[in-house]
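*Asks:* Take this structure, written in structure tokens, and hold onto it; I'll ask about it next.
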Amino acid sequence: MTNPTHFLDLHEVSKSDLRTMIDDGIAVKKARAGFPKGTADTGRSLEGHTLAAIFEFPSTRTRVSFDMAMRQLGGDTMVLNSADMQLGRGESIADTAQVLSRFVDAIMLRTDNHSKLIELAENASIPIINGLSNNSHPCQLMADVMTFEEHKGPITNKVVAWSGDGNNMVTSWIHAAGQFDFEFRIACPKELTPDQRALDWAKEMGASVYVTQSAEEAAAGADCLVTDTWVSMGDDAGDRHNMLAPFQIDEKLMEKAATDAIFMHCLPAHREEEATAAVMDGPQSVIFDEAENRLHAQKAVLRWCLGKIGE
Ligand code: CP
Ligand code: NVA
């Protein structure tokens, strides 16, 4: 049996495969332009395939985009809440992996603990996809790179500036910077710095990743400003609102970026916290293109995991 192709983190996938997936997402999006949402893509490339999408945390975009992606690719999805499974009563991840491998063709897991994804992948004979963990959110980054490139052209050598919490999204942005060769500047409070392992990986890769405590310094001349919620799922709010207030993206901070810079946010958003409504709903914001691209980018991830790209 050949090893299944998992999509757990961007730094574990080759640069060329990541590029192939972005290009596939763009091609798949173009090919179905104008199709009603409920109709399948030409080719129905995942016909006969079923995805089990398991959620330990709430989700709107990930849940709906994976389900619609599978439907449009001609396949099926089972959306499962882990609390309703025997997992919620203590059945092991290893046994769950083996059982689901007998029923479905791939598993997407959203989890509060990244080690569960690893354990699932170690014990499954089918592809495992990270639909967000406490560590990272690689599917979101595929949509983000795709969205950036639709608006600004190739991301290589461009500058993306983060202002906010050094959270799971930052880890995936760091991985993306190393894999797609762009500069990533992170402005965050020193108490909320990004995952050291991701920073160490970036250093090893020679990636252009910088951390500062100045939102203005990070934003200067950037092609894109990006942020995320101040309190991620599983976090306590604690003193985060006070610590993160200086990192809010407002119109004044947008003015420090390049004049044609875009604003991104993975959503869900809290207007007047991590970004003002004026920025979130302003002319430079591409947040709803970004949300839509979850659908197209995830089709590429699913097609890659199931060996359907280039068939
Ligand atoms: N961006 C994102 O993953 O959204 P959901 O939490 O709604 O899935
Ligand atoms: N950092 C956020 C992302 C939500 C899509 C969280 O983990 O809650």
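Taken together, the values in this text are just the output of simple stated rules run on the coordinates, not laboratory data. Predicted model only: the values in this text are computed from it and were never measured. Note: ideal-geometry Cβ built from the backbone for every residue, glycine included; neighbour counts use all protein chains shown.
*Asks:* Roughly how many nanometres apart are two label points built 7 Å out from the Cα toward the Cβ at Thr50 and Thr193?
*Replies:* The modelled label-to-label distance comes out at 4.8 nm.
*Asks:* Right, here's the next one. Considering amide H positions built from the backbone, and no H for Pro or chain starts, which residues 5 or more places from Ile186, or on another chain, come under 5 Å of its amide H?
*Replies:* So Ile186 has HN proximity to Trp162, Tyr210, Val211, Thr212.
*Asks:* Within a Cβ distance under 14 Å of Phe103, other residues only, what is the Lys/Arg minus Asp/Glu net charge?
*Replies:* Result for the neighbourhood of Phe103: -2.
*Asks:* Also, I was wondering about something else. Positive end of the charge dipole of the chain (Lys, Arg +1 and Asp, Glu -1 on Cβ, about the Cα centre): tell me which of Thr229, Gly48, Ala121 has its Cα farthest that way.
*Replies:* Gly48
*Asks:* What list of ³J(HN,Hα) values in whole Hz, one per residue of segment 286-293 in order, does the Karplus curve 6.51 cos²θ - 1.76 cosθ + 1.60 (θ = phi - 60°) give from phi, with Gly and Pro shown as x?
*Replies:* Going residue by residue, I get 10, 5, 7, 5, 4, 5, 4, 5 Hz, with x marking Gly and Pro.
*Asks:* Report Rg (one decimal) and Dmax (nearest whole number) for segment 17-103, counting Cα atoms only, units Å.
*Replies:* 15.5, 46
*Asks:* What full-extension length gain, to one decimal in nm, is calculated for Glu251 and Arg19 as 0.36 nm per residue of separation minus the Cα-Cα distance?
*Replies:* Result for the pair: 80.2 nm of gain on full extension.
*Asks:* OK, next. In segment 280-309, which residues have a backbone nitrogen under 19 Å from the label point lying 7 Å from Thr39's Cα in the Cα-to-Cβ direction?
*Replies:* In segment 280-309, the label zone of Thr39 (backbone N under 19 Å from the point 7 Å along Cα→Cβ) covers 296.
*Asks:* How large is the helix-only mean residue ellipticity at 222 nm for the chain, computed as the sum of -39500 (n - 2.57) over DSSP H runs with n ≥ 4, divided by its residue count, in deg cm²/dmol to the nearest 500?
*Replies:* -12000 deg cm²/dmol
*Asks:* I need the Debye-formula profile for segment 1-44: one equal scatterer per C-alpha, no solvent, reported as log10 I(q)/I(0) at q = 0.17, 0.20 1/Å, two decimals.
*Replies:* -0.67, -0.79
*Asks:* Shifting gears a bit: Short version: ³J(HN,Hα) in whole Hz for each residue of segment 45-61, in order, from phi by Karplus 6.51 cos²θ - 1.76 cosθ + 1.60 (θ = phi - 60°), x for Gly and Pro, what are they?
*Replies:* Values per residue, Gly and Pro as x: 5, 10, 4, x, 10, 10, 9, 9, 9, 10, 10, 9, 10, x, 6, 10, 5 Hz.
*Asks:* Using 0.36 nm per residue, how much length does the chain from Val99 to Asp260 gain when fully extended, once their Cα-Cα distance is taken away?
*Replies:* This chain segment gains 52.9 nm when fully extended.
*Asks:* Need one number: the % of Cα-Cα pairs in the chain sitting beyond the 26 Å mark.
*Replies:* 44 percent
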